[in-house]
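**Q** Below you'll find the structure I mean.
The values are calculated or read from the model by the stated rules, or taken from the named source; none is laboratory data. The structure displayed is predicted, hence computed values, not measured ones. Every residue, glycine as well, gets a Cβ built from its backbone with ideal geometry; the counts of neighbours run over all protein chains shown.
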Amino acid sequence: MGMLSAFFRERDYDHGQSLVEFALLLPLMLLIITGLVDVGRAVWQENTLAYAAREGTRYAIVHGTYGVPAADTTDPADPVIYTQIPNVVKAAAIGVYNITVTVTYPDTYPTNPDRHCADRNCRVAVDASSPFVPLPSQYLLGGAFQITLRGGSQLAIQR
């Protein structure tokens, strides 16, 4: 029993060794923890962008050529396409900032391939993107490293 208690007895130099080990492992542990938090933030932000793009696409399929107000793909300043759909997307993306919204109508009329179709059963695609800055980059590098996250949706016009 005396040998066992001598084996488990604390030694004075063990406290210093523990402190050195902790000091060496702390930065690695903090990097792993912030990395996990950043992955969670990025997944949440990308899911939010996908949801917001879906909401914008839903708005677009209701406001096709026959919707009220109607979408006009020939008008470069059409308020439905360039104002209202992006506003719907930005309103649905709660907590995500600096969103860029792109609305495209992939189908064209067979008689006029230069004109994009916004009629019933034609497709509309809404893409939303936003920059994502990881925490270590934001606080240590001044935001020098960033990733662009995207979410998109494509549906057929119903009206």
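**Q** Mind listing whichever residues of region 139-159 are more than 19 Å from A50 (Cα to Cα) and touching a residue at least 40 places away in the same chain (Cβ under 8 Å)?
**A** Q158, R159 - these are the residues of region 139-159 that are more than 19 Å from A50 (Cα to Cα) and touching a residue at least 40 places away in the same chain (Cβ under 8 Å).
**Q** Just one of A23, A52 is of a type outside the set (V, I, T), out of contact with any Pro (no Cβ under 8 Å at 6 or more places or on another chain) and crowded, with 19+ Cβ neighbours inside 10 Å; which is it?
**A** A52
**Q** Would you mention how many residues in region 134-159 are of a type outside the set (G, A, S) and modelled with pLDDT under 90?
**A** 11
**Q** Looking at the structure I just gave you, is N47 surrounded by 10 or more Cβ atoms within 10 Å (Cβ to Cβ), among the polar types (S, T, N, Q) and without any contact (Cβ under 8 Å) to a residue 40 or more places away in the chain?
**A** In short, no.
**Q** If the Cβ limit is 8 Å and pairs must be 6+ apart or interchain, which residue in region 80-96 that is touching a residue at least 40 places away in the same chain (Cβ under 8 Å) and more than 16 Å from V124 (Cβ to Cβ) pairs with which residue that is surrounded by fewer than 22 Cβ atoms within 10 Å (Cβ to Cβ) and aliphatic (A, V, I, L, M)?
**A** A93/I99
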